[in-house]
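Novice: My structure is below; once you've seen it, I'll send some questions.
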Amino acid sequence: MTMPFGRWRGRDLRDIPGDYLRWLLTIELYGNLKSEVERELEEREERARRARRESEAPPPPWTTPPCPNPAMMSAVLEAGRRVMSRQTHPDMPGGSHEQFLQLTAVMNWLAKIISLHGVR
């Protein structure tokens with residue numbers, strides 16, 4: 001429906017700011033304008049509720065099977081970290097500060113993933 005009067009005359013109700021639509025409900029409206037304004041506001045509120053629910057939804061569960069041996073997994077990760085530390089450390093040939101920071105970031109990420117899914 002298009003707005004029949006005022007500043008937003010000729011504009012679709014979907015294009016009119018919410019505060020103006022809420023103000024319209026404080027004055028006397030003729031025809032089915034009041035019900036259309038109420039419907040538009042309710043649709044906007046429903047879209048906002050849906051967006052909040054989607055943004056607050058937990059991430060999907062990890063679908064991989066549980067680790068058969070968490071202690072061995074920790075040992076493998078630690079061994080890999082040591083090897084990569086030797087390769088990326090700034091004091092080692094071919095290593096750099098940036099590479100070492102990236103290794104640290106990856107290890108922190110892995111630790112977070114592991115703790116989120118209760119592997120240890």
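Every read-out reported here was derived from the displayed coordinates using simple, explicitly stated rules and does not represent laboratory data. Predicted model only: the values in this text are computed from it and were never measured. Every residue, glycine among them, receives a Cβ derived from its backbone with ideal geometry; neighbour counts consider all protein chains shown.
Novice: Give me the three principal axis extents of the chain from the C-alpha atoms, as integers in angstrom, largest value leading.
Specialist: 78, 36, 19
Novice: Could I ask something else about it? Please report Rg over Rh for the range 1-54, where both radii come from the alpha carbon positions and Rh follows the Kirkwood definition.
Specialist: Working: Rg = 11.8 Å, Rh = 11.7 Å.
Checking Rg against Rh, the ratio lands at 1.01.
Novice: For a quick check of your reading of the filter: which trypsin sites (Lys or Arg not before Pro) in the range 1-94 sit in a DSSP loop and have no more than 13 other Cβ atoms within 10 Å? Show your work: numbers first, answer last.
Specialist: Values: sites: Arg7, Arg9, Arg11, Arg14, Arg22, Lys34, Arg39, Arg44, Arg47, Arg49, Arg50, Arg52, Arg53, Arg81, Arg82, Arg86; in loops: Arg7, Arg9, Arg11.
When the trypsin sites (Lys or Arg not before Pro) of the range 1-94 are filtered for loop state and at most 13 Cβ neighbours within 10 Å, Arg7, Arg9, Arg11 remain.
Novice: Convert each backbone phi in the range 71-78 into a coupling constant with the Karplus relation 6.51 cos²θ - 1.76 cosθ + 1.60 (shift: θ = phi - 60°), then list the ³J(HN,Hα) values in order as whole Hz, x for Gly and Pro.
Specialist: Each residue's phi maps through the Karplus curve to give 5, 5, 4, 4, 5, 5, 4, 5 Hz.
Novice: Counting only other residues whose beta carbon sits under 12 Å from that of Pro17, what net charge do I get with K and R as +1, D and E as -1?
Specialist: Surrounding charge for Pro17 is +2.
Novice: Compactness ratio of the range 70-116: Cα Rg over 2.2 N^0.38 Å, N = residue count? Provide the component values of the computation, followed by the final result.
Specialist: Numbers: Rg = 11.6 Å, N = 47, 2.2 N^0.38 = 9.5 Å.
Taking the Cα Rg and dividing by 2.2 N^0.38 Å, one obtains 1.22.
Novice: At most 14 other Cβ atoms within 10 Å and a DSSP loop assignment: could you name the GluC sites (Glu not before Pro) in the range 1-39 that fit? Don't jump to the answer; show the numbers that get you there.
Specialist: Working: sites: Glu28, Glu36, Glu38; in loops: Glu28.
For GluC sites (Glu not before Pro) across the range 1-39 that sit outside H, G, I, E and B with at most 14 neighbouring Cβ atoms in 10 Å, the list reads Glu28.
Novice: Can you list the HN-Hα couplings for the range 9-26, worked out from phi with the Karplus curve (6.51, -1.76, 1.60; θ = phi - 60°), rounded to whole Hz and with x for Gly and Pro?
Specialist: Those phi angles translate into 4, x, 8, 5, 4, 5, 9, 9, x, x, 5, 5, 4, 5, 5, 4, 6, 8 Hz.
Novice: Something else now. Could you run the Karplus curve 6.51 cos²θ - 1.76 cosθ + 1.60 with θ = phi - 60° over the range 97-112 and give me ³J(HN,Hα) per residue in whole Hz, x for Gly and Pro?
Specialist: Karplus values, whole Hz, x for Gly and Pro: 4, 4, 4, 5, 5, 5, 4, 4, 4, 5, 5, 5, 4, 4, 4, 5.
Novice: Just flag the chymotrypsin sites (Phe, Trp or Tyr not before Pro) in the range 1-98 sitting in loop per DSSP whose Cβ has no more than 13 other Cβ atoms within 10 Å. Walk me through the numbers on the way to the answer.
Specialist: Working: sites: Phe5, Trp8, Tyr20, Trp23, Tyr30, Trp62; in loops: Phe5, Trp8, Tyr30, Trp62.
Counting only loop positions with at most 13 other Cβ atoms within 10 Å, the chymotrypsin sites (Phe, Trp or Tyr not before Pro) in the range 1-98 are Phe5, Tyr30, Trp62.
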